[in-house]
1. Would you check which residues across region 143-161 are under 16 Å from PHE209 (Cα atoms), within 15 Å of the chain's Cα centre (by Cα) and not polar (S, T, N, Q) and list them?
2. Among the residues of region 77-128, what is the count of those that are aliphatic (A, V, I, L, M) and farther than 30 Å from LEU60 by Cβ?
3. Given the conditions (1) buried (at least 21 other Cβ atoms within 10 Å of the Cβ); (2) more than 30 Å from GLN225 (Cα to Cα); (3) among the acidic types (Asp, Glu), and given that GLU167 satisfies all but one, which numbered condition is not satisfied?
4. Being surrounded by 15 or more Cβ atoms within 10 Å (Cβ to Cβ), out of contact with any Cys (no Cβ under 6 Å at 6 or more places or on another chain) and either among the β-branched types (Val, Ile, Thr) or closer than 22 Å to TYR231 by Cβ (or both) is the requirement here; does LEU118 meet it?
5. Can you list the helices (runs of 4 or more DSSP H) lying wholly within region 163-270 that have 1 or more residues being under 23 Å from ALA146 (Cα atoms) and acidic (Asp, Glu)?
6. Let me confirm something: among LEU73, LEU46, LEU39, LEU106, which residue is more than 30 Å from LYS184 (Cα to Cα), part of a helix (DSSP H, G or I) and either over 25 Å from the mean Cα position of the chain (by Cα) or of a type outside the set (Asp, Glu) (or both)?
7. Given the criterion loosely packed, with under 15 Cβ neighbours inside 10 Å, out of contact with any Asp or Glu (no Cβ under 6 Å at 6 or more places or on another chain), aromatic (Phe, Trp, Tyr) and modelled with pLDDT of 95 or more, identify the matching residue among PHE35, PHE82.
Amino acid sequence: MEGRTGFSTIADHATSSNQILWLSSVLGGIVMCRFAYELTGLISPLIFKGFIKLEKAQQLEWKNRGFSTFHALFAAVGSLYFLVVSDLFDEHTKEELLINRSSASLDTFLSMSIGYFLSDLAMIIWTYPTLGGFEYILHHGLSMLALGQALLSGQVQFYILIVLFTEVTTPFVNLRWYLDVAGKKNSTVYMLNGVAMFAGWLVARVILFVFFFYHLFTHFDQLKQVYPMGYYSVLTIPPALAVMNLVWFRKIAKGLIKTLTNSKGHSHSN
């Protein structure tokens, strides 16, 4: 790498004022998750009468998926704003390397997402394996490692946003679980959500990753300016997440085929 050491890069960006901003934003993210969790518990019985009859473990997961959905929408909209609407990463408007661009508002946004991943990870570990297995712990751990490094150094935040945008598929995954628990597995809504989840995953977690790696390849000269640990993290964490996405995509595709087959009888079976 042609860039500076990690210590000097982080020392320049992690000023005392930035550290206060990050910590308060992480706390804000945790509070946001707690609020969404409690709100889900309050409104769910009004929307789904069977909620109060669910087992305690199911009620826990129901509310957990409530704040998971809230964060997913927050992450997707925020990422889209910084990537497309704002001019922060417009290569034609600034001389600064794309790899080094950051802002206080973006740091706040990323810190709040760390707050979510911390909250969700704590619940997953505390109730293990009720809310998910080891793959979820690995996913959240890698996500927080990537987010933390981008925050501390102020580098590669453009690529972090692309990966964070993939959370846009989470509401479909959660709705699938909600419909299943509510006994709506044979409904048209369940089938349509399955199609939407497949399409969303294909675009946001497969095709978008192809763009990610293409962009990385065409801007590799900039990536070489990143401090060592950040450099190697970009070369290893996204590929690991991409593999996990492909494994899950295969499961989603098989699930969709099964759902469509069941809804149409055996007319489309081989």
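1. Taking region 143-161 and keeping what is under 16 Å from PHE209 (Cα atoms), we get 143, 146, 156-161.
Still in the running and within 15 Å of the chain's Cα centre (by Cα): 143, 146, 157-161.
Matches in region 143-161: ALA146, PHE158, TYR159, ILE160, LEU161.
2. Step one: filter region 77-128 for residues aliphatic (A, V, I, L, M), giving 77, 80, 83-85, 88, 97-99, 104, 106, 110, 112, 114, 118, 121-125.
If we keep only those that are farther than 30 Å from LEU60 by Cβ as well, we get 80, 83-85, 88, 97-99, 104, 106.
Residues meeting the conditions: 10.
3. It fails just one condition, (2).
4. no
5. 220-223
6. LEU106
7. PHE35
Here's the yes/no breakdown for (1) out of contact with any His (no Cβ under 8 Å at 6 or more places or on another chain); (2) closer than 19 Å to LYS258 by Cβ; (3) at pLDDT 95 or above:
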{"position": "TYR136", "(1), (2), (3)": "yes, no, no"}
{"position": "HIS140", "(1), (2), (3)": "yes, no, no"}
{"position": "GLY183", "(1), (2), (3)": "yes, yes, no"}
{"position": "PHE220", "(1), (2), (3)": "yes, no, yes"}
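The values are calculated or read from the model by the stated rules, or taken from the named source; none is laboratory data. Predicted model only: the values in this text are computed from it and were never measured. As a convention, Cβ positions derive from the backbone with ideal geometry for all residues, glycine included, and neighbour counts pool all protein chains shown.
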